[in-house]
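Student: Got a structure here, written out as structure tokens. Questions coming.
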Amino acid sequence: MIEGDAAQGGVAQGATIEGVLFDVDDTLVDTRVAFSHAIVAVSRAFLPELPVERYREVLARWRADPGGHYRQYTAGKIGFDTQRMLRAQDLQATFGGPDLDESGYAVWKELFWGTFERSWVAHEDVMGVLDSLACAGVKVGAVSNASVALQTAKLAAIGVGDRVPLLVGLDTLGVGKPAPEVFLEGCRLLGTEPIKTAYVGDERDIDAGGADAAGLVGVWLDRPGTRRVGAAEDDGLAQRKIVVVRGLDELVGALGIGSDDSARARSADPAGGEAGSQGDPADDGVGLASAVLPGTVLSR
């Protein structure tokens with residue numbers, strides 16, 4: 001599905017998609033699930049008076065990040081651990097927990113991060129789309145608003161580290177999406193022209209909108225039940241042609257990859273099937289731990 005004005009963005013008429021850049025968190029890695037388990041763990045330990053049925057509120061506030069701390073981090077204004085500490089303190093203050101001093105936060109972080117890392121898994125549609133893109137000779141890579149080391153570890157943990165090189169992380173250029181140079185650096189390292197490169201991510205503004213503004217094909221991965229609060233509101237993207245898919249299994253068809261014209265164009269370019277260069281999640285996603293709160297759907 002494509003939304004917006006057909007004169008802007010989207011797959012240009014006659015263009016062939018030769019490369020696909022992926023976001024990492026909540027696109028390839030099911031970060032919502034990982035964060036849900038982490039948040040439930042710290043809620044049990046540091047918010048002992050809070051009823052279990054209110055854990056959904058803790059998770060929702062973490063995801064919403066009302067203080068905008070993670071985006072301050074991606075803008076280079078504060079450090080990674082600082083944004084996480086501020087968000088931890090916010091949860092404590094909001095839900096009646098004790099203040100976290102330096103030693104308290106150290107314990108909180110160890111529990112949170114250890115649980116988070118142990119919970120990294122791939123979305124079920126990841127391997128299938130990578131297989132399809134490989135068969136079509138399309139180059140792939142990842143561009144993320146988190147550090148190269150962290151995102152590389154995530155990709156390795158879910159079993160795609162050798163298939164999806166992390167090209168650009170927040171520490172590559174010192175600035176994150178939606179800055180155009182982030183997307184353009186990804187294209188340069190992948191070896192594809194922006195107009196022939198799709199960027200796929202779960203944030204409509206930061207990912208699809210940012211990619212479109214940079215001259216790529218912006219693809220919004222709008223998975224059912226995972227949309228961020230406010231994602232459906234008018235955010236200035238209505239006049240752009242953003243490709244929308246509900247799952248990665250829809251991506252190849254939505255981009256017209258594998259059509260006769262696309263296949264002929266790639267077969268004429270011997271380099272078209274080569275893998276991209278190497279290169280870089282974002283600590284911004286939180287889902288619901290189904291084991292604790294089964295059947296609940298949170299806005300991301």
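The values are calculated or read from the model by the stated rules, or taken from the named source; none is laboratory data. Remember, it's a predicted structure, so these values are computed and weren't measured experimentally. Backbone-built Cβ (ideal geometry, glycine too); neighbour counts: all protein chains shown. Heads up: the accessible areas ignore ligands, DNA and RNA and are worked out on the full protein's heavy atoms, side chains in. Shrake-Rupley method; radii C 1.70, N 1.55, O 1.52, S 1.80 Å.
Student: Restricting attention to region 60-77, which residues are more than 12 Å from Asp90 (Cα to Cα) and not charged (D, E, K, R)?
Tutor: Ala60, Tyr70, Gln72, Tyr73, Thr74, Ala75, Gly76, listed by residue number.
Student: Restricting to region 42-73, give me the number of residues that are within 21 Å of Asp30 (Cα to Cα) and either of a type outside the set (Ser, Thr, Tyr) or in contact with a Lys or Arg (Cβ under 7 Å, 6 or more places away or on another chain) (or both).
Tutor: Pass one, region 42-73, residues within 21 Å of Asp30 (Cα to Cα): 42-43, 55-65, 70-71.
Subset that is either of a type outside the set (Ser, Thr, Tyr) or in contact with a Lys or Arg (Cβ under 7 Å, 6 or more places away or on another chain) (or both): 42, 56-65, 71.
So the count comes out to 12.
Student: Still on this structure: Quick check on region 161-171: of everything there that is surrounded by 21 or more Cβ atoms within 10 Å (Cβ to Cβ) and modelled with pLDDT of 95 or more, which residue is farthest from Leu130 (Cα to Cα)?
Tutor: Step one: of region 161-171, the residues surrounded by 21 or more Cβ atoms within 10 Å (Cβ to Cβ) are 164-170.
Pick out the ones that are also modelled with pLDDT of 95 or more and you get 164-169.
Details: Val164: 9, Pro165: 12, Leu166: 15, Leu167: 16, Val168: 19, Gly169: 21 Å.
Among them, the one singled out is Gly169.
Student: Among what's in region 11-22 and is small (Gly, Ala, Ser) and in a loop (DSSP other than H, G, I, E, B), pick the residue that is most open to solvent (accessible area, probe 1.4 Å).
Tutor: Selected residue: Gly14.
Student: Which of the residues belonging to region 62-71 are surrounded by fewer than 18 Cβ atoms within 10 Å (Cβ to Cβ) and in contact with a Leu (Cβ under 9 Å, 6 or more places away or on another chain)? Give the derivation first.
Tutor: Applying the first criterion (surrounded by fewer than 18 Cβ atoms within 10 Å (Cβ to Cβ)) to region 62-71 yields 64, 66-68, 71.
Gly67 - this is the single residue of region 62-71 that is surrounded by fewer than 18 Cβ atoms within 10 Å (Cβ to Cβ) and in contact with a Leu (Cβ under 9 Å, 6 or more places away or on another chain).
Student: Between a first residue in region 39-50 that is part of a helix (DSSP H, G or I) and a second residue that is surrounded by fewer than 21 Cβ atoms within 10 Å (Cβ to Cβ) and not aliphatic (A, V, I, L, M), which pairs have beta carbons less than 6 Å apart while being 6 or more apart in sequence or on different chains?
Tutor: Partner pairs satisfying both residue conditions: Ala41/Thr115.
Student: Which residues, counting only those in region 2-28, are more than 20 Å from the chain's Cα centre (by Cα) and at pLDDT 60 or above?
Tutor: Result: Val11, Ala15, Thr16, Ile17, Glu18.
Student: Follow-up. List every residue pair whose Cβ atoms lie under 8 Å apart, where the two residues are 6 or more positions apart in sequence or sit on different chains, the first residue falls within region 212-236 and is modelled with pLDDT of 95 or more and in a loop (DSSP other than H, G, I, E, B), and the second residue, located anywhere, is crowded, with 18+ Cβ neighbours inside 10 Å and of a type in the set (Gly, Ala, Ser).
Tutor: Leu216/Ala198
Student: Which is in a loop (DSSP other than H, G, I, E, B) and open to solvent by less than 60 Å² (accessible area, probe 1.4 Å), of Gly114, Gly141, Gly176, Gly104?
Tutor: Testing whether each residue is in a loop (DSSP other than H, G, I, E, B) and open to solvent by less than 60 Å² (accessible area, probe 1.4 Å) leaves just Gly176.
Student: Within region 23-34, can you find the residues that are more than 19 Å from Thr152 (Cβ to Cβ) and open to solvent by less than 10 Å² (accessible area, probe 1.4 Å)?
Tutor: Result: no residue meets the conditions.
Student: Regarding region 74-81, can at least one residue be identified that is among the polar types (S, T, N, Q) and not in a loop (DSSP other than H, G, I, E, B)?
Tutor: Yes, region 74-81 has at least one match.
Student: If I filter region 82-89 for residues that are under 24 Å from the mean Cα position of the chain (by Cα), more than 15 Å from Pro48 (Cα to Cα), hydrophobic (A, V, I, L, M, F, W, C) and open to solvent by 20 Å² or more (accessible area, probe 1.4 Å), do I get at least one hit?
Tutor: yes
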